[in-house]
Amino acid sequence: MPQTRAVQARILRVAILLVFGVIVGNLLVMQVVKHEQYESQSLDNRQLRTRIQAPRGRILDRDGRLLADNVYIADITVPNRCLGQAGPDSTLEKLLTWLRLPRYETLDRLAGEQSAGRPRLTLVANAAMPQIAVIEERGRELPGVKVETRSRRRYLDGPLFGHVIGYVGETLPNEIGAEDDPDGYKPGDWIGRDGIEAVLEEHLRGQAGYTLQEVNAAGRVVGRREVELRPVHPGRDVVLTLSQALQDSLGAAMGGNPGCAVALALPSGEVLAAVSTPCYDPNMFTSGISTKDWQALQSDPGHPFLNRLTQATYPPGSPYKIVTSLTALQNGIAAPGTAYAPCGGAYQLGNRSFRCWKRGGHGSLDHTGALVHSCDVFYYQLGLRLNIDQLAVTARLLGLGAPTGSPFKGEASGNVPDKAWYDKKFGEHGWSRGVMLNNAIGQGELLVTPLQMAVLTGRVATGLADLRPTFVRDPAPTTSPGLRALPIDAAHLEWVRRTMRQVVDMGTGTRARVQAIEVAGKTGTAENPHGEDHAWFVCFAPAILPEVAVVVILENGGHGGAVAAPVAGRWLNAYFAQKEAPEVVAP
């Protein structure tokens, strides 16, 4: 028995020695014989989580024409740490030389990206093929340098849709989400900064995807195996109410003159075209705008960033006489045939003389004739018979004094003064009924946006109380304007419409005529304390069963009938010609 135990013990010791020997042998093989092989594999077996940016949704016009999409370009990027490396043999120095990049300008730009916290810096945006070839050929000498494909926003019509579509810009440090937030913005992402791009950011943005890849120590992919952690969800398309063709026609009709023009479909309120000039080119922002270009835009005396459609306010001028007339009719102050003292070119109130735009005067006119020929003296006398609150009520019913509900940021409310406003501004006894003369003709403290005037024109044309402008068809608006009638006597509205037809047929708006189509309109000249008067024209067509309302204002343009009415006329001709043109069917 003791002998058996001794044998077993020896066998156990031998077994232990054998096992130990195998382990030691394997360790020797791994650490000495196959050291380089295993070291290489350990480097190659690192896994990298890669974020794949979602393509931004497209923006299309009402007919499906592309207005904004994405193009794919290649950037040459370097790790953030490269900027701190010095010496002639550093990766960055090699790249500056081999790619023939301007040294100080490039280093200054990279420093800005580094301070923004970006893990990788864009050395060359939208690299040319010869530059990409250098990286591919000398990749082993450039650890961490990558050629990365990304999408860049493209605006096919440039400034024409600038204020409506807006533009995208790179994320700022305060917009970047947490590192572990898969849906947060990351450095280098694009975000809508203005217009529809900003308003519908969540709709257009999409959702980034994630993959796992095998990379080596230099960060280069070494295996074909790729694991999808989360699929990419592209951004959704947006369809506008605007027409590219009608927008182009309106831009051409404006001729580059500073101002604004807008056309609404009736009775829906869909915006068919909206031009604000001057405007910036949104393509300037798609690769990151330079400081020089940004400062040039900011200091431009034409204010290209100002969306005159919703952000600029002007005195409404003579188109406001529509409000004055409706107020007088509604309150029983005047009838269509009412006449006052003849117009001799001016009206005297106390020691002040209020001039008519027609220096020689209009002579004797009744209410209808005064609106057709835009006689200021008649409206001075009519205004004195009204009170300021009566005017304010009508103006607000027609859409003035409050934002229109457009989707754009910074929409102005304008100003429709009432007694409370004047009491607060000047004191209860600090103003007189003399303010009614200016208010009656659309001057004084009244301020409106062009889009508000389009709403006013559309409501007068249709009699609808809730008509509002819409710019987007898809995604569809969450609310419908409804068909509630204006609380204004239908006969009074009809008289205004008939009189507006006469304005274009025989009055101050004859230059807005359209062949075979009756147009109803109102001209205006708004005094401008900073320069030449502004020219207004508002209209709808056809005069019976109207389809469109058009508003034009030309800054420092002078008389509305001479310069603004022809702009509307040219666009209306294009609109009705397009309607009659046969549809082209693709073969």
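None of the figures in this text is laboratory data; all of them are computed from the coordinates on show. Please read these numbers as outputs of a predicted model, since none were measured by experiment. Every residue, glycine among them, receives a Cβ derived from its backbone with ideal geometry; neighbour counts consider all protein chains shown.
Odds and ends about this structure:
- Taking amide H positions as modeled 1.01 Å from N, with prolines and chain starts lacking one, the residues under 5 Å from Leu229 and 5 or more places away or on another chain are Tyr210, Thr211, Leu212.
- Lysine pairs with alpha-carbon atoms under 25 Å apart, the chain, spacing 8 or more or separate chains: 9
- Surrounding net charge for Val271, when Lys and Arg each add one and Asp and Glu each subtract one, Cβ distance under 13 Å: +1
- Computed from the Cβ-Cβ distance with R0 of 51 Å, the FRET efficiency linking Arg498 to Ser151 stands at 0.40.
- Neighbour-count ranking [beta-carbon atoms within 10 angstrom, fewest first] of Ser276, Ser287, Ser364: Ser364, Ser287, Ser276
- Cβ-based exposure ranking for Phe305, Phe576, Phe285, in which fewest neighbours within 10 Å come first: Phe305, Phe576, Phe285
- As a rough footprinting exposure proxy, the listed residues Phe471, Phe354, Phe537, Phe161 were ranked by other beta carbons within 10 Å of their own, and the order from fewest upward is Phe354, Phe471, Phe161, Phe537.
- Positive dipole terminus of the chain, leading residue within Pro130, Pro143, Phe540 (C-beta point charges): Pro143
- Options (1) 320; (2) 269; (3) 156 - which one matches volume of the Cα convex hull per residue in Å³ as calculated here: (2)
- Normalised contact order of the chain, rounded percent, pairs of Cα under 8 Å and 6 or more residues apart: 13 percent
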